[in-house]
């Protein structure tokens, strides 16, 4: 990487960490979206691994009663791993062209879900044993193809009726498992190691600094206004990547 590339990567993870610090999510999505405009989705996904893993593991360990939540979400999480590795096994790892289109479409869908007053009905407990694995498989396939692991897992987790702290912990758990599965999938394709691993490690510092800044800003900025700006930005970024990938 050139000095300019390193500066762009550091600025990306600083901003992505700030977003996560303010609203509690968004680091992988922002980082993939911005880096996807500078490099291939596979390279962006590889750089994302360590910052995403550490920030989300922190989020998981900060919550209560991890064991009970892990048992409840085990079918979903196991299916995420199967979907990601299965998708990688059939060649869905992010590359160029079609992967950029997929990344843009994923960002557009996530932004639309965040901006529109749409919420899934609450998932009844009797449906979780079959709905969790289905959602997990779909999320894994999307993760393998685009490096973005928010859909459809995030809306599903929001529909489980978890209290706020448990939901934040559940999101961190889902993102942590997705990150680990993506790292394994990328390593199969030779996309995670050597210089890429070093770059991912360096990206941890600006990501954590951004989270600290976001935490300081949280009490001074309306979370609702910030979320709206965040999703509007994703909407524009997704449209740009979709157009770029179709050229």
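Nothing in this text is a laboratory measurement; each read-out follows from the coordinates by a stated rule. Since this is a predicted model, take the numbers as computed values, not measurements. Here Cβ is always computed from backbone atoms with ideal geometry, including for glycine, and neighbour counts include all displayed protein chains.
Observations
- Förster radius 25 Å - calculated FRET efficiency between residue 54 and residue 7, Cβ distance, rounded to 0.05: 0.70
- In the chain, helices alone account for a calculated mean residue ellipticity at 222 nm of -26000 deg cm²/dmol, with every DSSP H run of four or more residues adding -39,500 (n - 2.57).
- Relative contact order %, the stretch 3-246, counting alpha carbon pairs below 8 Å whose residues are six or more apart: 40
- Three-way shape call for the chain based on the alpha-carbon gyration tensor, with the a/c threshold at 1.5: rounded
- Neighbour counts of other Cβ atoms within 10 Å put 116, 50, 77 in the fewest-to-most order 116, 50, 77.
- For 231, 156, order by how many other beta-carbon atoms lie within 10 Å, fewest first: 231, 156
- From most to least packed by mean Cβ count within 10 Å, the peptides 36-42, 224-230, 102-108 give 102-108, 36-42, 224-230.
- Global form of the stretch 30-93, assessed from the alpha-carbon gyration tensor, a/c cut-off 1.5: oblate
- Per-residue packing, averaged as other Cβ atoms within 10 Å, sorts the ranges 80-91, 171-182, 121-132 into the order 171-182, 80-91, 121-132, beginning with the highest.
- GNM flexibility winner over the chain from 232, 162, 34 (Cα, springs under 10 Å): 162
- The order of 211, 32, going from fewest to most other C-beta atoms within 10 Å of their C-beta, is 211, 32.
- Here the stretch 135-184 and the stretch 214-244 have alpha carbon centers that stand 19 Å from each other.
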